[in-house]
Amino acid sequence: MTSDTAKAPEDGTTRRSMISARELTKTFGQGETAVTALDNVDIDIRENEFFTLLGPSGCGKTTLLRLIAGFELPTSGLIQLDGQDITALPPHVRPVNTVFQNYALFPHMTVSENIGFGLKMLGKSSGEIEARVKQMLSLVQLEAMANRRTDQLSGGQQQRVALARALAPAPKVLLLDEPLAALDLKLRKNMQIELKSLQAETGITFIFVTHDQEEALTMSDRIAVMRDGQILQIGTPKEIYDKPTHRFVADFIGDINILEAQVEGTEGDQTRVRLKDGTTMLARSTGADTQGHCAVALRPESIRVAQAGDTPALTGQLENLVYMGSAHNLHLRLGSGEELVVRHGGSTEGLDLSPGAQIGVVIAPGGARVLA
Amino acid sequence: MADTPPLAAGATAQSTRRRMRSRDLKAMPGFKAAGWACIFALYLPLVVLVIFSFNDNRSVVKWTEFSLRWYEAAMENEGIRNAAWMSVKVALVATVFSTIAATMAALATTRTAAFRGQGLAYGIINQPLMIPEIVTAISTLSLFSLVKQLTGITGVGYLMAAHTAFCIPFAYMPIRARLEDMTLTLEQAGADLYATPWQTFRHITLPLLMPGILAGAMLAFVVSLDDVIITLMVAGPGETTLPIYILGALRRGITPEINAVSTILVGVSVLLVLVLFLVQGKMKK
Amino acid sequence: MTDTSLTLAEQESRRRRRQTRRALLAPALIIILAISIMPLGITALYSFLTPGTYGGVIWEFTPDAYVQFLFERDIFDGTLQFNDSYLTIYMRSIGLAFGATIGALLIGFPTAYFIATKPREQRNFWLFLITLPFWTNLLIRTYAMLLILRDEGLINLSLMGVGVIERPLSILYTDTAVFIGLIYTYLPFMVLPLYASLEKLDFRLVEAGYDLYANRFRVLRHIIAPIAKPGIIAGCILVFIPGLGAYITPALLGGGKKLMIGNMIAIQFGSSRNWPFGSAAALILMALVVIALLIYARSVSKGARAHG
């Protein structure tokens with residue numbers, strides 16, 4: 001099962017870097033109350049890429065976005081846009097546009113005036129503006145709303161106006177600050193798909209900020225997972241999901257079991273680890289320093305309940321059975337006292353699922369990963 | 001209703017409802033009456049004043065017949081006309097200058113991060129509100145008399161300057177309140193869309209701030225129009241405003257003509273404040 | 001404020017923001033400093049000078065103005081004799097302002113509570129009714145009050161009409177008239193801060209009070225009043241301070257007989273032509289205001305500590 005790594009992440013190296021940040025640090029406040037929102041961050045975001053900054057609130061993702069937009073100036077470090085140093089440029093001369101979290105539509109202007117605002121400020125002729133606004137309105141399918149006031153629009157429509165307004169001046173990079181957070185679930189799903197196709201259509205680099213891992217996995221070409229002002233891992237959604245290199249990344253993306261372990265030795269690209277309850281198993285190495293103490297990460301879907309004839313890798317006592325619709329989640333208590341969640345699809349017939357039953361599980365090949 | 005079992009005798013839905021209303025937990029006995037009495041007391045004198053301005057009689061006590069003769073008399077009175085013109089002139093100048101200064105100050109105290117000396121700036125701007133008017137009045141008189149002595153310059157400019165100073169905090173209040181309600185995001189969106197700082201101010205901040213500026217200007221105008229004490233002290237000869245004229249007329253005796261002029265002045269204030277209230281009500285929606 | 005850890009760009013942008021801020025603040029601050037604050041200094045200076053014969057001052061230093069406040073100089077032998085007539089005016093002013101504050105509180109509290117318990121959409125209308133008189137001319141409102149309080153005014157006429165009294169009560173030109181006038185004038189100042197604090201009152205607390213066996217009075221006393229305390233203090237200050245310096249109300253309703261501080265000061269700059277004494281009297285009034293404000297500041301910070 002090594003084929004999942006065949007899609008090399010390096011397929012875009014030939015592409016130009018659109019945004020490059022080096023040693024970027026942002027500190028708010030001074031002295032004892034100073035808070036470091038961004039800590040020595042290096043990042044390269046490529047041309048024509050849908051790039052997502054993912055992390056919990058306070059991880060620095062929005063600060064990074066605002067530094068790129070120019071709303072804040074970095075405490076130290078450097079930002080380049082398409083090879084040009086923009087670190088100290090004010091926002092109005094950066095060819096970068098933002099879709100704000102609450103859209104920030106100008107309430108005293110119509111939809112058309114909102115969309116045309118950037119072009120007007122750039123000094124375009126009114127004919128040119130009119131044509132471009134029309135084009136943008138049709139792109140976001142709001143032709144009928146051109147002369148409405150923005151407060152007469154639904155949340156989804158406002159979202160589209162914000163998008164059209166930011167895209168109208170054809171920026172080199174579009175920054176999106178949790179733009180879907182205010183929408184309801186169904187609308188959000190639709191907008192995810194629309195955003196993705198809009199990005200493909202326009203060829204503009206999108207930098208998307210979200211705390212929603214599912215959103216990030218659905219839309220992105222690459223994701224940067226952030227915590228405490230630092231970038232922990234950058235990779236394609238598949239890499240981030242399947243091959244987390246950091247315990248936090250593994251935990252933050254999707255459901256996962258993390259078991260404490262001790263490194264016993266290496267066998268090829270596998271590491272032999274001893275769990276707290278004494279069982280040993282082979283787990284895929286991640287290149288991280290895995291001397292001594294480590295953790296083993298197991299996705300619930302890469303484990304299954306042992307059938308007759310299987311040799312269970314782990315055994316635990318059934319504590320809870322949670323019905324999930326298409327599957328059951330079995331919450332097992334291991335001998336070490338740790339909890340293990342197993343996703344069991346299909347029928348539960350022939351399984352003893354009474355509370356307290358001893359249940360063995362089998363781990364899919366390559367399903368276990370060693371994390372520092 | 002037929003198949004529901006009967007309740008205890010006498011417990012009709014109506015009687016229960018009545019008891020529930022009397023047990024409104026928020027209500028305090030007598031408070032409602034006090035509230036109404038308060039409004040009544042606030043308006044009764046003004047209502048009497050207005051009614052008797054339309055009385056066809058020299059008396060301001062006994063009603064005889066509806067008439068506009070006191071309004072006509074007031075209009076024909078040159079003293080009143082001059083005073084009214086002086087009031088408007090002073091109020092307009094004070095409104096323009098105080099509103100501009102207040103708008104700038106409000107932008108400085110809200111659109112930037114907290115700064116050292118911010119508290120002091122607030123204190124200075126609101127200072128005219130914290131000092132008894134009579135103290136401001138005689139202090140300003142002392143200053144102006146000194147300046148007049150030193151420079152020999154006289155004129156209505158002194159009165160206008162004094163009005164501008166005490167109008168600033170009134171103009172400042174609604175403008176600052178409006179700015180504090182406005183998120184910075186809109187201005188950032190403007191800058192993001194290539195508007196220079198000046199263009200951002202011109203196309204985004206200013207239009208959004210306009211209701212606040214209008215409210216501030218109206219308050220300044222009303223406050224200037226209504227001022228008595230400072231004007232009384234500072235105004236030179238021939239600089240009689242309407243309130244000063246009324247005060248002088250009252251000293252000579254009560255006439256229905258005063259009622260008529262007063263009614264007009266009250267009417268102007270009420271109208272302006274009413275417009276302001278409606279504008280602000282709309283603003284919130 | 002130069003921090004070496006900041007980039008040059010950040011420093012430059014801070015410097016520019018500071019410049020803009022200064023430029024924006026300048027007009028308002030200069031106008032108020034020059035026309036409202038500097039004059040206070042001149043008043044302080046004048047209070048130590050000698051009165052000119054036709055008003056104004058003669059530049060000769062003397063503490064006479066302050067001496068005159070308490071003592072009268074005998075015209076024949078020049079000895080100082082204690083004179084309480086100015087002190088009396090100050091005491092009367094304090095008494096009237098304090099009485100009016102209590103009166104306004106007693107009327108204003110139920111009113112503010114009444115408005116705060118109205119449905120939300122009606123409250124603004126009621127507030128508007130309370131604020132509107134504030135924006136109408138103080139002189140005219142006082143004049144209107146005078147019309148009501150006169151011997152042949154509405155109050156006396158109706159009382160006589162009902163037969164409660166036979167001859168008109170002489171209310172006008174008494175302390176009572178000034179007292180009523182002060183309450184009437186400054187009532188909105190009391191209602192607004194009271195309303196602001198009562199509006200925030202969570203009425204579930206009132207329900208909890210009833211639930212725990214408190215009666216109406218006790219709920220008012222132990223739950224509502226403590227929560228409304230900041231509003232009560234603010235309202236009292238807002239009535240007391242302008243009441244203390246009132247000019248128009250005593251001038252019209254006191255009929256020039258019942259002077260308050262404000263009138264006394266004005267007279268020094270008018271017919272008495274004793275600017276230094278007027279300045280000294282104004283500074284003493286300012287001192288009283290500052291004392292009231294200090295008491296206010298102390299009770300506010302105490303309240304803040306009690307809540308923290």
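Bear in mind these aren't lab numbers, they're just calculated from the coordinates by the rules spelled out. Worth saying up front: this structure is predicted, and the values here are computed from it rather than measured. Virtual Cβ from ideal backbone geometry, glycine too; neighbours counted across all protein chains shown.
Give the average, rounded to an integer, of partner chain Cβ atoms located within 10 angstrom of each Cβ in A:162-173. Mind showing how you got there, number by number?
Details: counts 1, 0, 0, 3, 3, 0, 1, 3, 0, 3, 0, 0.
What the average comes to for A:162-173 is 1.
What is the mean number of Cβ atoms from other protein chains located within 10 Å of the Cβ atom of each residue in peptide C:70-82, rounded to a whole number?
Values: counts 0, 0, 0, 0, 0, 0, 0, 0, 0, 0, 0, 0, 0.
Across the residues of C:70-82, the mean count of other-chain Cβ atoms within 10 Å is 0.
If one takes the longest principal axis of the Cα atoms in chain A, at what angle in degrees, from 0 to 90 and to the nearest 10, does the Cα axis of helix A:155-167 lie?
70
Suppose only helical runs count, i.e. DSSP H with n ≥ 4. What mean residue ellipticity at 222 nm does that imply for chain A under -39500 (n - 2.57) per run, divided by all residues and rounded to the nearest 500 deg cm²/dmol?
-6500 deg cm²/dmol
If r is the Cβ-Cβ distance from B:VAL96 to B:ASN126 and R0 is 25 Å, what FRET efficiency results, to the nearest 0.05? Write out the running numbers ahead of the final one.
Working: r = 21 Å, r/R0 = 0.83.
Efficiency computed from Cβ-Cβ geometry: 0.75.
Taking R0 as 35 Å, what FRET efficiency do you get between A:THR33 and C:ALA23 from their Cβ-Cβ distance, rounded to the nearest 0.05? Intermediate results must be reported in sequence, preceding the final value.
Details: r = 29 Å, r/R0 = 0.83.
The formula returns an efficiency of 0.75 here.
So, by mean Cβ neighbours within 10 angstrom, what's the order for B:212-219, C:27-34 with the highest one leading?
Numbers: B:212-219: 24.1, C:27-34: 19.1.
Highest to lowest by the protection proxy: B:212-219, C:27-34.
If I model a spin label at B:ARG251 and C:PHE203 as a point 7 Å from the Cα along the Cα→Cβ vector, what separation in nanometres do I get?
That separation, rounded to one decimal, is 5.2 nm.
Which whole number gives the average count of other chain Cβ atoms within 10 Å of the Cβ atoms across peptide B:240-250? Don't skip to the answer; put the middle values down first.
Values: counts 0, 0, 3, 5, 1, 0, 4, 6, 0, 1, 6.
Counting Cβ atoms of other protein chains within 10 Å of each residue's Cβ and averaging gives 2.
Counting other beta carbons within 10 Å of each Cβ, put A:LEU351, A:LEU314 in order, fewest first.
Least crowded to most crowded, the residues run A:LEU351, A:LEU314.
Please give the calculated 222 nm ellipticity per residue for chain C, where each DSSP H segment of at least 4 residues contributes -39500 (n - 2.57) and the sum is spread over every residue; nearest 500 deg cm²/dmol? The partial results should precede the final answer.
Numbers: 14 runs with 216 residues, N = 308.
Counting only the DSSP helices, I get -23000 deg cm²/dmol.
What FRET efficiency do you get for C:MET91 and C:PHE61 if R0 is 35 Å and r is their Cβ-Cβ distance, rounded to the nearest 0.05?
On the way: r = 30 Å, r/R0 = 0.85.
Using R0 = 35 Å, I get an efficiency of 0.75.
Helix A:126-139 versus the longest principal axis of chain A: what is the Cα-based angle in degrees, 0 to 90, to the nearest 10?
30
Please go through the stretch A:300-372 and write out the GluC sites (Glu not before Pro) that DSSP classes as loop and that have at most 11 other C-beta atoms within 10 Å. It would help to have the intermediate numbers written out before the result.
Working: sites: A:GLU301, A:GLU319, A:GLU338, A:GLU339, A:GLU349; in loops: A:GLU338, A:GLU349.
Answer by residue number: A:GLU349.
Please determine, in degrees from 0 to 90 and to the nearest 10, the orientation of helix A:185-202 with respect to the longest principal axis defined by the Cα atoms of chain A, where the helix direction is its Cα long axis.
Relative to chain A, helix A:185-202 is tipped by roughly 60 degrees.
State whether the protein assembly as shown is rounded, prolate or oblate according to the following rule on the C-alpha gyration tensor (a ≥ b ≥ c being the square roots of its eigenvalues): a/c under 1.5 gives rounded; otherwise a/b larger than b/c gives prolate, and the remaining case gives oblate. Mind dumping the intermediate values first?
Working: a/c = 2.47, a/b = 1.96, b/c = 1.26.
Prolate, because a/c is 1.5 or more and a/b exceeds b/c.
Taking the Cβ of each residue in B:THR99, A:THR27 as the centre, tally the other Cβ atoms inside 10 Å and list the residues starting with the fewest. Write down the numbers at each step before the final one.
Values: B:THR99 26, A:THR27 18.
In increasing order of surrounding Cβ atoms, one gets A:THR27, B:THR99.
Could you check the simple spin-label distance between A:ARG15 and C:ALA214, using points 7 Å along Cα→Cβ, in nm with one decimal?
6.5
Most exposed first by the Cβ proxy, i.e. fewest other Cβ within 10 Å, how do A:LYS186, A:LYS134 rank? All intermediate terms of the calculation are to be shown ahead of the outcome.
On the way: A:LYS186 9, A:LYS134 15.
Result, fewest neighbours first: A:LYS186, A:LYS134.
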